[in-house]
Amino acid sequence: MSLNAVVDIRLFSDTASRPHLILADDGNQYVVKFAQNADLPSIVAEYVCGMLAAKFNLRVLDPIVIMLDADFIRNSVLLRDREIQAGPHLGTKMINTVFNLNGNTSKKIYPKKIINRDQVPNMISFDIFVNNKDRNPGNSILVPVNDDKFEYVLLDHGECFGGSNWDGDIAKKMKYELSEIHWDTRLITGVGEFIIPMQEMTQISSRDVQQIIDSMPRAWVWDDKSTQSLILALSNRDMKNMLLCIENNKSMFPRWI
Ligand SMILES: Nc1ncnc2c1ncn2[C@@H]1O[C@H](COP(=O)(O)OP(=O)(O)OP(=O)(O)O)[C@@H](O)[C@H]1O
Ligand SMILES: [Mg+2]
């Protein structure tokens, strides 16, 4: 499924990818990152990991394909200056109230008010599974679900698969690493909490990954060797190495027994 861009509202944030806030033809606003040239590995990583996270029942900003046509770009000075091309780009639906994990507000939220705190082992497992190099405190947010409760939501998977320059060697190169953790980990006492999510993730088949790749715009595939290598890499992730990665990083967990 894809949507068409209608209005280029503004530059959304001055972060690495310089996303724009764009109104689409479903009446909603989207934070859109641009898919071109050197940014394609990062866009594919973001799309594939967003779809995978949803498949593993994690709360994530769902990737949505937003089509920009030539007229839309002609009408935007900023996009023209960046030489953004017409075609499919990558959006996530704009959420009005979000708290980045390093902000003052999120630090004041009592952990028991976070409804998916029990999913932290799953989120950590996911980062190891996709070899995420960048779970900085802005790449996971807290979103209010009502006046008193919040939930962790994942976003920005552009540095997964070992970094934004992954290529046809990814099946040989993907590592088992843990970069940073900014979620509340006080419910974690040992490797036991990681076994079920890791089992679920490592059971993913090459057909499952192929389906995700097939649902992606063909224009994002810069070479078939890379996507084939990615399918191999993800369907061969190894449970033993994932658990070992947790053991090697146990100092990150204050309640480890
Ligand atoms: N759909 C959205 N709704 C609300 N806020 C969003 C949305 N997407 C991104 N943000 C906010 O914008 C910030 C930057 O987004 P994102 O991390 O995807 O961009 P980036 O350019 O890759 O950033 P960086 O490289 O610094 O990690 C996020 O930390 C988050 O606070
Ligand atoms: Mg980010």
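The values are calculated or read from the model by the stated rules, or taken from the named source; none is laboratory data. Computed from a predicted structure; not experimentally measured. Virtual Cβ from ideal backbone geometry, glycine too; neighbours counted across all protein chains shown. Quick note on the areas: whole protein, heavy atoms, side chains included, nothing else; ligands and nucleic acids left out. Shrake-Rupley method; radii C 1.70, N 1.55, O 1.52, S 1.80 Å.
If a residue must be of a type outside the set (Val, Ile, Thr) and in a helix (DSSP H, G or I), how many such residues does the stretch 102-139 contain? Adding up the residues that qualify gives 17.
One residue stands out in the stretch 133-176 among those that are at positive phi and not hydrophobic (A, V, I, L, M, F, W, C): the one that is farthest from ligand 2 (Cβ to nearest atom), namely 162. You will find that of 118, 25, 14, 62, the residue that is surrounded by fewer than 17 Cβ atoms within 10 Å (Cβ to Cβ), more than 23 Å from residue 141 (Cβ to Cβ) and not hydrophobic (A, V, I, L, M, F, W, C) is 25 and no other.
Okay, residues lined up against (1) assigned to a loop (DSSP other than H, G, I, E, B); (2) under 24 Å from residue 33 (Cα atoms); (3) open to solvent by less than 20 Å² (accessible area, probe 1.4 Å):
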{"site": "162", "(1), (2), (3)": "yes, yes, no"}
{"site": "179", "(1), (2), (3)": "yes, yes, no"}
{"site": "196", "(1), (2), (3)": "no, no, no"}
{"site": "208", "(1), (2), (3)": "no, no, no"}
{"site": "211", "(1), (2), (3)": "no, yes, no"}
{"site": "219", "(1), (2), (3)": "no, yes, no"}
{"site": "231", "(1), (2), (3)": "no, yes, yes"}
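Residues that are within 15 Å of the chain's Cα centre (by Cα), of a type in the set (S, T, N, Q) and not in a strand (DSSP E or B) are absent from the stretch 31-40.
Can you report the number of residues in the stretch 140-160 which are assigned to a loop (DSSP other than H, G, I, E, B) and in contact with a Gly (Cβ under 9 Å, 6 or more places away or on another chain)?
First, the residues of the stretch 140-160 that are assigned to a loop (DSSP other than H, G, I, E, B): 145-149, 155-160.
Then drop every residue that is not in contact with a Gly (Cβ under 9 Å, 6 or more places away or on another chain), which leaves 155-157.
Summing the residues that are assigned to a loop (DSSP other than H, G, I, E, B) and in contact with a Gly (Cβ under 9 Å, 6 or more places away or on another chain) in the stretch 140-160 gives 3.
Selection over the stretch 88-110 of residues that are within 16 Å of ligand 2 (Cβ to nearest atom) and open to solvent by less than 70 Å² (accessible area, probe 1.4 Å) gives a count of 11. Scanning the stretch 182-194 for residues that are away from ligand 2 (no atom under 16 Å from the Cβ) and either in contact with a helix residue (DSSP H, G or I) (Cβ under 8 Å, 6 or more places away or on another chain) or in contact (Cβ under 8 Å) with a residue 12 or more places away in the chain (or both) turns up 184, 185, 186, 187, 188, 189, 190, 191, 193, 194. Scanning the stretch 58-77 for residues that are in contact with a Phe, Trp or Tyr (Cβ under 7 Å, 6 or more places away or on another chain), within 30 Å of residue 196 (Cα to Cα) and in a strand (DSSP E or B) returns a single hit, 64.
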